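Peer 1: The structure's right below; bear with me while I get my questions together.
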Amino acid sequence: MQNYDPKKIEAKWQKFWEKNKTFEVTENPKKSAQGGSAAVGKFYSLIEFPYPSGEGLHVGHPRPFTAMDVIARKKRMEGFNVLYPIGFDAFGLPTENFAIKTGQPPAEVTKKNIANFTRQLKSLGYSFDWSRVVDTTDPKYFKWTQWFFLQFFKHGLAYKKNQPINWCPKDKIGLANEEVVQGKCERCGTAVEKRDKAQWMLAITKYADKLLDGLKEVDYITPARVQQENWIGKSEGAEVKFALSNVILSEAKDLSGERLDSSVSPQNDNSVKELTVFTTRPDTIFGVTFIAVSAELAKGWIDRGWKPEKKIIEYIETTLKERVATEDQDEKEKTGIAAGFNATNPVNNETVPVWITNYVMGGVGTGAIMGVPAHDERDYEFAKKYNLPIKEVVVGTNVQEKAFTETGEVVNSDFLNGLPTPEAKEKMIQWLEEKKIGHRKINYKLRDWVFSRQRYWGEPIPLVYCEACAGWIPVPESELPLKLPKVEKYQPTDTGESPLAAMTKWVNTTCPKCGGPARRETDTMPNWAGSSWYFLRYTDPHNDQEFASMEKLKYWMPVDWYNGGMEHTVLHLLYSRFWNEFLYDIGAVPTREPYKKRTSHGMILGPDGEKMSKSRGNVINPDEMVEKFGTDAFRTYIMFMGPFDQAVMWDTNGLVGVRRFLDRVWNLQEKLTGVGHVILSGAKDLRGESLDSSSTSRRTQNDKHTTLLHQTIKKVTRDIGSMAFNTAVAALMQLTNELAKEEKISTSDYQMLLKLLSPFAPHISEELWEKYGDGKTLAFSPWPTYDEALTKEATLTIAVQVNGKVRATIEVAADASEEAVKQKALTEENVLKWIAGKEPKKIIYVKNKLLSIVV
RNA sequence: GGGCAAGUGGCGGAAUUGGUAUACGCGCAUGGCUUAGGACCAUGUUCCGAAAGGAUUGAGGGUUCGAGUCCCUCCUUGCCCACCA
C-alpha cells in the first residue's frame, strides 16, 4: 500500500470531473451526464458569488463554498438533480481603483482575476457546474441587467430625483444611505458630506409591504428575517395637521418638486398655515406640549421665504452640518431653538410652541413630530432641558420623573378618557379622519434606492436625454447591451461626473424617439445591480433571446437553499428579493420569492482572534494550506473548526489533526478483508454480506459494531442537514478510530465510511472507492440509510443517582423493566452505602437512562 | 440606547424534549517503534485531594428527585442598527 498522497489523488480526480463534466446538469436528468435514473427532484443550492479581487481567494471564501458543496454532494447521492453554480460579481470599486492606479483597463484586470479565482476554486474540488459560469461584467450578461432597468423605468419604478445625497469627497462618489457608516464612507472611512445631485432612484418603498409579507412564506434564519423586518421598519400611526398661529412665509416662490410638499399645505400664496406631523401614538395627542421640527424642514421654509431671527438661521445651519459629521452619536445632546411662533392642537385647541430641534430627522416621517414628553423618552429629555410642561395622559408611573412609554388607561383626554391605549389609538384615528384633520398612516424606515454612481466600472444606464422630447428616452431593447466605451482615464471628474461624461463621442447620440440630438446618461449602476438577478441567469446562462427561459426558470426556481454572509442579509437580500418580486409582478419569473431558505456562516478570524486583514498580517492563504495538507484535509478542517454560524479562529494545528484523520482512513485499507479486489455490484464480501452499494451493513444484531455504524449514518445525515458540520466530522473520526481498533474490517463497512466522508473529502473517497467500491462513480452512489432499530444499543449503562448524585452505573439489557433495574441498582454496594439503610422516599426511573433514588 | 447572538478544561469546541457535563480535535505527559524525527502506534489528561471523597458550565437567586439547558436579577463579549416620532 502506498502512502496517502493528496497532491496526486486530488489532481487526478479534479481532472476526471472536468473531463467527464461530472457536475454539469440539465433540466432533464436522464439526458444529464451523470444522472442515469430519474431524479427524486431538483435541488438548487446557491452561494453568494465572489467578487474577483486581485488578491485572490481569501480563506473566508471556502467556508460557505465548502458547506454548500457538502450539502450539494449529499443531495446528489440522495438522488436529487442538483444545481450548484458559480459566477463572478465583477463590477466594483477595487478593480476600478486598481485601473486608475495602473492604467490597465478594468475589463482586462477582471479577466485576469477571474482566471486566478477559477484556478483556485477548481483546486478546492467544488462540484460546481462550470458550464454555467456567469460574469456580471460580460456584455452578454449586463445586457439583461440593463433590460431589467428599462422594465423598472417603463413601470414607473425608476425615476430621477434631484436631492441631497451622501457624497464621499475622497472616492468622489454618491453613496446610498446604507453605504454610510456612522457618517463615514463605508469603503474608505472619509467623512461624508451632503451634496445635491440628480440621481436615478428605484422605488423599492413601493414594495415595502410585499417584501415584509413575503418573509412569512420563506424559511430564513431568525436574525436574517428580523434584520429585514427592522430595515423595512414598518410603523403604524397617523398623520395629523396642526394649524400654525401665524403665516410664516411671505414671498411667493416656486414650490415644485420638493420633498417638503407633504408637510406644507398647498397654498397658492405660499404661506405655511399648517404643519403635518407623524405619530405612532395618536392616543397621546392630548398630552402635546410642543411641536418639534427638523432642521431640514426649517431650512425648507427659509428657502421659500421665511425670515427668522439670525440665531435661528445659524442654529439650523450648524445642526445640518453636524448631522453628517457626528461620530459619537452616543453623547449627542438634544438641542433646539424656539421658532418664534405657535401651533394649535386640533383636538383641544391648545396653543403650543414650535421648536426647531436636532433630534427630529428630516428624512423620517414628515420631518415634524408632536412633543409628548410624558410618554416619549426623547420628548421628555428635551422638555426637561428647555422647561417645557409635561402633561400626563396615560396612567402609569410619575411622568414628572420619567416618561411612561407603556400602554395604560388614558386620562385628561376628553372623549378618550378611560380607554386602554390601543382602543384610544383607534378611536382617535377615526375621529381625526372624520374631522379631516388627520388620517391613518403607515410609515417605513425603508428609503428608495439610489441607483446611480458617477463611476466607470459599472453597467451604463441605457437612457438618453432628449431636449425635443423633453425627457428621458429608453435605448431600444434591440440596441442592448449598451457597452462601455474605452476611455483614457477611469477617474471620476472633479465635478463629480462619471468619466463617461468626458467621452463626447459616446455621449452625443440621437434620440430613439424623434431622431433629434440627445445625450446619453453617463452614470452607471451600483454594484448591487448585477447581483440582484444572477441566480435567475444560472438557470439558463447561455440564452441570448431572454434573460432565462420561463421553462427553465419554472424547473429550477426558487433557489432551495441560499447561504451567504450576515453582512448581506439586509441589502443584497432585500434588493434581490425586490427585483424578483417586481419581475414576478410583470410575469417574467414564476415565483414571488426567490429564495426558499436562507442560512448564514460565521467569519473565519485570524490565528490571533482578530478579523483577517493585510495590515494586521494575520491573513491565511488557502493555496498554501492546500499545498501543505491537501484539499481534502483543508475542506474537512474548515467544516470541523467550529459551529458553522459562529465566528471561528483559524488554527493550523487543527488542520494537522484533520490530516491525521484522513491518513487513518487511508491506512484502514490494510485491515480490509479482500484487499485488492474491485468489488462489483451484487458481489458479497467475506462474511457473505451483500456489497450492493445501496445497502448498508445488513447485519441485524444490535452488536456494538453495528450500532455504531447505524448511529454514525444517522448522525452524519442529520448533522449535514442542519449544518452541524463540526459534529458530523467528529462522528466520522470516532467511527474511524473504532474501526482502526478492529483487526479486520469488512469492505461494506469501509464503503459506508467512504460514502459518508465523500461530501467533505471527495478526492480521497473517490480514490479509495475506485479500489474498493462498485466500479461506479462515488459522487452519484446512493447515500447510506440506517435502521432506527439498529441505532439502539443492546445493553445500556444506567446511571443510578442517590439524592441527585451519581453513585453507580449498572449494565442492563435495552428496554429492561423498571422493576428489574431497581432490583439490580439496590444490590450495588455503593448505592446501598449512600442509602444507608434509610427508606427511599421516591424512586424516579427514566427509561434507558437513569434511576434517581431520593432518601 | 435598541435588537440579536453567546459566555463550558491549558485551547477550538460537544451535550434531541431538563436526565451520567467536558464527545471530537489541538496541546501536554508517559511508553512503544525508530539512526533520528516536528512521522506513526498505545495509554492518560476538568480542577482539588495520597485516598475516600469533594467541587465545577460568567456571578447570584429560584423552580425541580434532577438545571449547561427553564425562570428572575446582574456582569462580560461579539455582531447588526442607531434620536424612526
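Peer 1: Take segment A:115-131 and flag every residue that is touching an Asp or Glu at 6+ places or on another chain (Cβ under 8 Å) and part of a helix (DSSP H, G or I).
Peer 2: Answer for segment A:115-131, where residues must be touching an Asp or Glu at 6+ places or on another chain (Cβ under 8 Å) and part of a helix (DSSP H, G or I): A:120, A:122, A:123, A:130, A:131.
Peer 1: Among the residues of segment A:543-567, which ones are within 16 Å of RNA strand B (Cβ to nearest atom) and either farther than 19 Å from residue A:64 by Cβ or open to solvent by 20 Å² or more (accessible area, probe 1.4 Å) (or both)?
Peer 2: Of everything in segment A:543-567, those that are within 16 Å of RNA strand B (Cβ to nearest atom) and either farther than 19 Å from residue A:64 by Cβ or open to solvent by 20 Å² or more (accessible area, probe 1.4 Å) (or both) turn out to be A:566, A:567.
Peer 1: List pairs: first residue in segment A:783-799 and on the phi < 0 side of the Ramachandran plot, second residue among the small types (Gly, Ala, Ser) and not in a loop (DSSP other than H, G, I, E, B) anywhere in the structure, Cβ distance under 6 angstrom, at least six positions apart or on different chains.
Peer 2: Close Cβ pairs (under 6 Å, with a partner that is among the small types (Gly, Ala, Ser) and not in a loop (DSSP other than H, G, I, E, B)) amount to A:795/A:813.
Peer 1: Further question on the same structure: Provide a single number: the residues in segment A:477-528 that are in a loop (DSSP other than H, G, I, E, B) and open to solvent by 40 Å² or more (accessible area, probe 1.4 Å).
Peer 2: Qualifying residue count, segment A:477-528: 15.
Peer 1: Looking only at segment A:657-675, count how many residues are open to solvent by 20 Å² or more (accessible area, probe 1.4 Å) and within 12 Å of RNA strand B (Cβ to nearest atom). Let's see the steps before the verdict.
Peer 2: First, pick out the residues of segment A:657-675 that are open to solvent by 20 Å² or more (accessible area, probe 1.4 Å): A:657, A:659-660, A:663-664, A:667, A:670-671, A:673-675.
Subset that is within 12 Å of RNA strand B (Cβ to nearest atom): A:657, A:659-660, A:663-664, A:667, A:670-671.
Qualifying residue count for the region: 8.
Peer 1: Please list, ordered by residue number, the strands (runs of 3 or more DSSP E) wholly in segment A:136-215 having 2 or more residues that are modelled with pLDDT of 75 or more.
Peer 2: A:158-168, A:193-202
Peer 1: Same structure, new question: Given (1) within 13 Å of RNA strand B (Cβ to nearest atom); (2) within 21 Å of residue A:76 (Cα to Cα); (3) open to solvent by 10 Å² or more (accessible area, probe 1.4 Å), identify the lone condition not met by residue A:737.
Peer 2: Only one criterion in (1) within 13 Å of RNA strand B (Cβ to nearest atom); (2) within 21 Å of residue A:76 (Cα to Cα); (3) open to solvent by 10 Å² or more (accessible area, probe 1.4 Å) is unmet by residue A:737, namely (2).
Peer 1: So which of A:606, A:654 is within 11 Å of RNA strand B (Cβ to nearest atom) and of a type outside the set (A, V, I, L, M)?
Peer 2: A:654
The rows are residues; the columns are (1) modelled with pLDDT of 90 or more; (2) open to solvent by less than 30 Å² (accessible area, probe 1.4 Å); (3) under 30 Å from residue A:205 (Cβ atoms).
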residue: A:574; (1), (2), (3): yes, yes, yes
residue: A:578; (1), (2), (3): yes, yes, yes
residue: A:583; (1), (2), (3): yes, yes, yes
residue: A:596; (1), (2), (3): yes, no, yes
residue: A:618; (1), (2), (3): no, yes, no
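Peer 1: Does segment A:282-298 include one or more residues that are of a type in the set (D, E, K, R), modelled with pLDDT of 90 or more, crowded, with 18+ Cβ neighbours inside 10 Å and near RNA strand B (Cβ under 9 Å from one of its atoms)?
Peer 2: At the first step, the residues of segment A:282-298 found to be of a type in the set (D, E, K, R) are A:283, A:296.
Those left that are additionally modelled with pLDDT of 90 or more: A:283.
Next, only the ones that are crowded, with 18+ Cβ neighbours inside 10 Å stay: A:283.
Filter once more, keeping what is near RNA strand B (Cβ under 9 Å from one of its atoms): none.
The answer is no; no qualifying residue exists.
Peer 1: How do the pairs read when you match residues in segment A:84-104 that are farther than 20 Å from residue A:453 by Cβ with residues anywhere that are open to solvent by 30 Å² or more (accessible area, probe 1.4 Å) and among the hydrophobic types (A, V, I, L, M, F, W, C), using Cβ under 7 Å and keeping only pairs 6 or more apart or on different chains?
Peer 2: A:86/A:133; A:87/A:133
Peer 1: Next question, about the same structure. Can you find even one residue in segment A:46-67 that is at positive phi and either in contact with a helix residue (DSSP H, G or I) (Cβ under 6 Å, 6 or more places away or on another chain) or free of Cβ contacts under 8 Å to residues at least 24 places away in the same chain (or both)?
Peer 2: yes
Peer 1: Restricting attention to segment A:368-384, report how many residues are near RNA strand B (Cβ under 7 Å from one of its atoms) and surrounded by fewer than 24 Cβ atoms within 10 Å (Cβ to Cβ).
Peer 2: 2
Peer 1: Whether any residue in segment A:392-404 is at pLDDT below 90 and within 11 Å of RNA strand B (Cβ to nearest atom) is what I want to check.
Peer 2: Checked segment A:392-404: no residue is at pLDDT below 90 and within 11 Å of RNA strand B (Cβ to nearest atom).
Peer 1: Continuing with this model, one more query. Say we look at segment A:621-640 and pick out the residues that are open to solvent by less than 20 Å² (accessible area, probe 1.4 Å) and more than 12 Å from RNA strand B (Cβ to nearest atom); which of these is nearest to residue A:214 (Cα to Cα)?
Peer 2: So the residue we want is A:635.
Peer 1: Here's something else I'd like to know. Mind checking which residues of segment A:386-421 are without any contact (Cβ under 8 Å) to a residue 40 or more places away in the chain, open to solvent by 70 Å² or more (accessible area, probe 1.4 Å) and not in a loop (DSSP other than H, G, I, E, B)?
Peer 2: A:409
So that you can scan it fast, the table gives a plain yes or no per residue for (1) part of a helix (DSSP H, G or I); (2) within 30 Å of residue A:777 (Cβ to Cβ); (3) among the acidic types (Asp, Glu):
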residue: A:4; (1), (2), (3): no, yes, no
residue: A:12; (1), (2), (3): yes, yes, no
residue: A:24; (1), (2), (3): no, yes, yes
residue: A:60; (1), (2), (3): no, no, no
residue: A:74; (1), (2), (3): yes, yes, no
residue: A:90; (1), (2), (3): no, no, no
residue: A:97; (1), (2), (3): yes, no, no
residue: A:104; (1), (2), (3): no, no, no
residue: A:113; (1), (2), (3): yes, no, no
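Peer 1: Here's a check for you: in segment A:70-113, which residue that is open to solvent by less than 20 Å² (accessible area, probe 1.4 Å) and at pLDDT below 90 is farthest from residue A:29 (Cα to Cα)?
Peer 2: The selected residue is A:99.
Peer 1: If you don't mind, another one. Looking at residue A:364, is it in contact (Cβ under 8 Å) with a residue 12 or more places away in the chain and more than 15 Å from RNA strand B (Cβ to nearest atom)?
Peer 2: It is false that residue A:364 is in contact (Cβ under 8 Å) with a residue 12 or more places away in the chain and more than 15 Å from RNA strand B (Cβ to nearest atom).
Peer 1: While we're looking at this one, here's another question. Is there a residue being in a strand (DSSP E or B) and small (Gly, Ala, Ser) anywhere in segment A:529-551?
Peer 2: no
Peer 1: Looking at segment A:826-855, I want the residues that are touching a residue at least 40 places away in the same chain (Cβ under 8 Å) and of a type outside the set (Val, Ile, Thr) and have a partner that is open to solvent by less than 50 Å² (accessible area, probe 1.4 Å) and assigned to a helix (DSSP H, G or I) with Cβ atoms under 7 Å, at least 6 apart or on another chain. Which pairs are those?
Peer 2: Once the first residue is touching a residue at least 40 places away in the same chain (Cβ under 8 Å) and of a type outside the set (Val, Ile, Thr) and sits in segment A:826-855, its partners that are open to solvent by less than 50 Å² (accessible area, probe 1.4 Å) and assigned to a helix (DSSP H, G or I) give A:851/A:821; A:851/A:822; A:851/A:825.
Peer 1: Could you go through segment A:237-245 and let me know if any residue there is part of a loop (DSSP other than H, G, I, E, B) and either over 22 Å from residue A:444 (Cβ atoms) or at pLDDT 90 or above (or both).
Peer 2: Yes, there is a match, as at least one residue in segment A:237-245 is part of a loop (DSSP other than H, G, I, E, B) and either over 22 Å from residue A:444 (Cβ atoms) or at pLDDT 90 or above (or both).
Peer 1: Next up: Go through (1) over 42 Å from the mean Cα position of the chain (by Cα); (2) open to solvent by less than 10 Å² (accessible area, probe 1.4 Å) one by one and return the number of the condition residue A:356 breaks.
Peer 2: All conditions pass for residue A:356, except number (1).
Peer 1: Still on this structure: Out of the residues in segment A:592-612 that are of a type outside the set (A, V, I, L, M, F, W, C) and under 15 Å from residue A:641 (Cβ atoms), which is farthest from the chain's Cα centre (by Cα)?
Peer 2: A:607
Peer 1: Could you tell me how many of the residues in segment A:720-730 are near RNA strand B (Cβ under 8 Å from one of its atoms), open to solvent by 10 Å² or more (accessible area, probe 1.4 Å) and assigned to a helix (DSSP H, G or I)?
Peer 2: Residues in segment A:720-730 being near RNA strand B (Cβ under 8 Å from one of its atoms), open to solvent by 10 Å² or more (accessible area, probe 1.4 Å) and assigned to a helix (DSSP H, G or I): 3 in total.
The values are calculated or read from the model by the stated rules, or taken from the named source; none is laboratory data. Since the structure is predicted, the reported quantities are computational estimates derived from the model, not experimental observations. Quick reminder, even Gly has a Cβ in these numbers, built from the backbone with ideal geometry, and neighbours come from all protein chains shown. For the accessible areas, the whole protein counts, side chains as well, though only heavy atoms, and no ligand, DNA or RNA atoms are used. Shrake-Rupley method; radii C 1.70, N 1.55, O 1.52, S 1.80 Å.
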